[in-house]
Amino acid sequence: MVTSSLRGEGPVPSRTDAPDVYDPRIYADGVPHDRFRALRDRAPLSWQEEPELLGWPAGPGFWAVTRHADVVRVLKDSGTYSSHLGATQIRDPDPADLPFIRRMMLNQDPPEHGRLRRLVSRAFTPGRIERFSVTARDRARALLTAAFADGGEVDLVRAVTDDYALLNLTDLLGIPAGDRGLLHTWTERVIAYQDPDEPPVLDAEGRPVNPRSPAMLAEMFGYAQELAAHKRRHPADDVMSVLAASELADAELEMFFFLLTVAGNDTVRAAAPGGILALAEHPQEQDRLWRGEVSLDTAVDELLRVHPPVLSFRRTALRDTDLAGRRIRAGDKVVVFHASANHDERVFPDPHRLDLGRTPNPHVSFGDGPHVCLGAHFARLQLRVFYDEVRATCGGLALAGPPRRLVSNFVNGIKSLPVTPREPSAPPA
């Protein structure tokens, strides 16, 4: 053990005895804030082992980045920390799949990343997104009104937020109503692959197949090409019509469809119930929001801070470098933990206190640097509309039981959230 000379907070964990923040099963009980606090204080860059878990093979290990300043540094420095070299998931992809996975914008570095981002950003114009606000509001109101009709216990995820996120995304993309169930199936396959409720697809030797492999995405990609061909013949005011008419190659269009389908759906799908959970756990702040004492804009960002949709992202060091006083070698995996950075006491006073009026609020829930979330504006719009309609539909929400969380070290998902509404006219508790 080596004693810290910076903060006097006790011994620095060695390369192998830092608290584990890799095991996906940990997150079934919520974000392990105690472990992240220990790492931020004593080992802000800690080595994490990758043992065989849940049928997936062991990996070489990685560096966990837990302080806000270091997370931002890694995310902004694509010249040192690459998204392309080993892609952006903690687990190493099969070497045979890596060239395929690298086609996605998420798994590219500048300048190629910038070229693709500029092409697709044309589809995410503020005007197009704002036009969806009326539809999103009507949808939120209808789903919430139906869910709260009898005033009893409701699973908010099943009754409201899953449909709200999925239907908004399919409207934006221009996907026919009859095909929307396909997107849900494809998203579950990719996002929930670590969860025991979503059994993995096994190969001939009984090993789980990477849900991001070419074989597992063939159906989705075939559909993307069919939809693009339809949009070229019948263009409309939607994102797929813009992409279909762009200069994207077929392989690039397929990967964008995958990225938008999965990331576009699951960002709001994870954030919306996570925000309601935070409000239910902090009734005084919930009452402030219901009384209009804080703006929806600051409330949305604070709820995103305490419940980021994405827990972690991986980079790979392109060269030897130093970070947080430790030496990183070229080829090492470097994983940033958004949930830890968002609760860093060095940046957020009293970080575990929900403060819907918190400003400034430099959370990293949508990332930072060149890969900052392309759909962040769309996500914030949906969340702002959703919380506003919850506020208009009932007098408040209380937990009716514990949430069920996704088993994942990547997505901060909630599978079930039982709540009971108050009558709109009821005074705050």
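The values are calculated or read from the model by the stated rules, or taken from the named source; none is laboratory data. As the structure is a prediction and not an experimental result, all values here were calculated from the model. Every residue, glycine among them, receives a Cβ derived from its backbone with ideal geometry; neighbour counts consider all protein chains shown. Heavy atoms of the whole protein, side chains included, go into the accessibility calculation; ligands, DNA and RNA do not. Shrake-Rupley method; radii C 1.70, N 1.55, O 1.52, S 1.80 Å.
Count of segment 173-201 residues, restricted to those that are in contact (Cβ under 8 Å) with a residue 24 or more places away in the chain and surrounded by fewer than 17 Cβ atoms within 10 Å (Cβ to Cβ), is 4.
Looking across segment 272-304 at every residue that is open to solvent by 20 Å² or more (accessible area, probe 1.4 Å), charged (D, E, K, R) and part of a helix (DSSP H, G or I), the one that is nearest to Glu219 (Cα to Cα) is identified as Asp301.
Residues in segment 23-73 that are within 18 Å of the chain's Cα centre (by Cα) and among the aliphatic types (A, V, I, L, M): Ile26, Ala28, Val31, Ala64, Val65, Val71, Val72. Tally up the residues in segment 240-252 that are open to solvent by 20 Å² or more (accessible area, probe 1.4 Å) and assigned to a helix (DSSP H, G or I), please. So the count comes out to 4.
Evaluation of Glu219 against the conditions (1) of a type outside the set (Val, Ile, Thr); (2) in a helix (DSSP H, G or I); (3) open to solvent by 30 Å² or more (accessible area, probe 1.4 Å); (4) within 25 Å of Phe132 (Cβ to Cβ) shows that the sole unmet condition is (4). For segment 225-235, the criterion of a residue being out of contact with any helix residue (DSSP H, G or I) (no Cβ under 7 Å at 6 or more places or on another chain), of a type outside the set (Asp, Glu), part of a loop (DSSP other than H, G, I, E, B) and surrounded by fewer than 16 Cβ atoms within 10 Å (Cβ to Cβ) is satisfied by at least one position.
Of the residues Arg73, Arg37, Arg91, the single one that is among the charged types (D, E, K, R), touching a Leu at 6+ places or on another chain (Cβ under 9 Å) and in contact (Cβ under 8 Å) with a residue 40 or more places away in the chain is Arg73.
With respect to Phe366, determine if the residue is assigned to a loop (DSSP other than H, G, I, E, B), touching a residue at least 40 places away in the same chain (Cβ under 8 Å) and surrounded by 16 or more Cβ atoms within 10 Å (Cβ to Cβ). Criteria met by Phe366.
Could you go through segment 387-404 and let me know if any residue there is in contact with a Lys or Arg (Cβ under 7 Å, 6 or more places away or on another chain), surrounded by fewer than 21 Cβ atoms within 10 Å (Cβ to Cβ), at pLDDT 95 or above and over 23 Å from Pro421 (Cβ atoms). Looking for residues that are in contact with a Lys or Arg (Cβ under 7 Å, 6 or more places away or on another chain), surrounded by fewer than 21 Cβ atoms within 10 Å (Cβ to Cβ), at pLDDT 95 or above and over 23 Å from Pro421 (Cβ atoms), one finds none in segment 387-404, hence no. Within segment 110-159, being in a loop (DSSP other than H, G, I, E, B) and either in contact with a helix residue (DSSP H, G or I) (Cβ under 8 Å, 6 or more places away or on another chain) or open to solvent by less than 10 Å² (accessible area, probe 1.4 Å) (or both) holds for Pro110, Arg122, Ala123, Phe124, Phe148. Residue check: is Asp162 assigned to a loop (DSSP other than H, G, I, E, B) and either in contact (Cβ under 8 Å) with a residue 24 or more places away in the chain or charged (D, E, K, R) (or both)? In short, no. Scanning segment 253-271 for any residue that is open to solvent by 40 Å² or more (accessible area, probe 1.4 Å), under 19 Å from Asp171 (Cα atoms) and part of a helix (DSSP H, G or I) turns up at least one such residue.
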